[in-house]
1. Give, in nm to one decimal, the length gained when the segment between residue 93 and residue 48 is fully stretched (0.36 nm per residue of separation minus the Cα-Cα distance).
2. So for the stretch 198-405, what are the equivalent ellipsoid semi-axes in whole Å, largest first, each being the square root of 5 times an eigenvalue of the Cα gyration tensor?
3. Which of 79, 52, 104 sits farthest toward the positive end of the charge dipole of the stretch 27-135, with +1 on the Cβ of Lys and Arg and -1 on the Cβ of Asp and Glu?
4. Determine the dipole magnitude for the chain: charges of +1 sit on the beta-carbon of Lys and Arg, -1 on that of Asp and Glu, nothing else is charged, the reference point is the Cα centre, and the result goes in debye to the nearest 20.
5. Given 311, 368, 263, which one lies farthest toward the positive end of the charge dipole of the chain, if we put +1 on the Cβ of every Lys and Arg and -1 on the Cβ of every Asp and Glu?
6. Starting from the Cα coordinates of the stretch 19-86, work out the convex hull volume and express it per residue in Å³.
7. Got the relative contact order for the chain handy, in percent, Cα pairs under 8 Å and 6 or more residues apart?
8. If you bin every alpha carbon distance in the chain into 20 Å steps from zero, what whole percent lands in each bin?
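The numbers here are math on the coordinates, done by the rules we state, and not lab data. A quick note: this is a predicted structure, and the numbers were derived from the prediction, not measured. Neighbour counts are summed over all protein chains in view; Cβ atoms, including those assigned to glycine, are modelled from backbone coordinates with ideal geometry.
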Amino acid sequence: MDKERCHVRIGVVGLGYVGLVTAAVLASRGNSVTGVDVDVSRIQMLKRGKSPIFEPQLDERIGNARSNIEFSEDYSKLSDCEVIFLCVPTPNTDNRIDLRYVMAAAAEIKEYNASSDLVIKSTVLPGTARKVSELTGMNVVSNPEFTREGSAVHDTEKPDRIVIGGKSVERVREIWEFTGSPIIVTTNENAELIKYASNAFLAVKISFINQIADLCEKIPGTDVNVVAEGMGLDRRIGREFLRAGLGYGGSCFPKDTVAMSSFAKEKGLDLSIVNSAIQYNDNRVPFLVKRIEENLDTLNGKRVCVLGLSFKDNTGDLRESRSLMIIENLKRRGAVVRAYDPVVHYIGDIDLYDDLSKCISDSEIVITATEWTEFSKINPSLFRGKEVFDLRRILDPKEVKLTMGVGIGKN
Ligand code: UDX
């Protein structure tokens, strides 16, 4: 097969952040792709050429692939696919993974096309591929995704590695060969666990650096960013995921760490390191709001501007957003909260400004809650006379007088 272009008839079930990006990237590589989702309004939007999510480069990939990508709510459209990627959500119910969408989608796929390879991209615990194989009798391949929202297209086209688990994986391997990335072929169970162990390790790394930030705040002359840089240059540690801040949010880390911990517990194992990272992260927002309050007489009645609502930059995704948790916490303490976000323009009961400068100038207190680069470029004069809490460390303390910056030990 031509390594650059690959012509496989591919189905993708579940067109969220993972599925839609997978579909768009694989179609833009010359495969013919059928994307199926049970959400009819989502399918209608896609048919009109509109992406239901904000993700850099995604519209461009969908646009380039228009002739070989189709969207439908009808599973029967998958009948002639050779490979079908399962990308449905795996939420937690009572802190345990809930496989209802995986199982329901797998059963539907089996109805229309039991001879294709069924590739599980959704994050699922070890043993799930085996269950799906027992349910469907299909060749089930595990191919977890490691994409970050905000750079999902890049991460899909140029991943650090590709993990493929299963007995008969050749077609799936060929589909991803264009990336030129290292490919690990292993058992389904290893592939499933690699995903959880990776996410849990990254979560531990974030909680670790946040705790070092707490320590820095007790030592005049320290700055966690410098400490992280110095640590990260050691290749055994690595520079990434050492940004101190508000803790991790999003649709993956909070859910996956908890699911993994319950899974281990059921096997009689206390995953104490992961559990500490979870507990630390859960306390992070209340801890920081308390620190803010300690720096002021009171938050009651204070006009507070929160910069950023999404769980991180370059996305409009609000799931498990630390920013929303901060806002709720501030409101409970009587603060008058308003917010600005480059992508999110409407959300329930939060007073949202369209104008960043006005949001700041109308407030006495400014809090950075998402690491959008737009915020690091704000004219420092706008912050004059304000109490500034840089919880994401995106402002230059030499230019902006900070009341508090996470991980800065004040002299
Ligand atoms: C994550 C994983 O990176 C990805 O491999 C997996 O497939 C899905 O989950 P994502 O949730 O998109 O991706 O976001 P990510 O960039 O990993 O950030 C997760 C959270 O950690 C964010 O809230 C982010 O702000 C926070 N974070 C990340 C830090 O606080 N510090 C860091 O150094 C890095």
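1. Result: 12.8 nm gained on full extension.
2. Three semi-axes, in Å: 29, 20, 16.
3. Going by the charge dipole, the pick is 52.
4. 560
5. 368
6. Details: hull volume 5.5 nm³, N = 68.
Value for the stretch 19-86: 81 Å³ per residue.
7. Reported as a whole number, the value is 12 percent.
8. Answer for the chain: a P(r) of 25, 52, 22, 1 percent.
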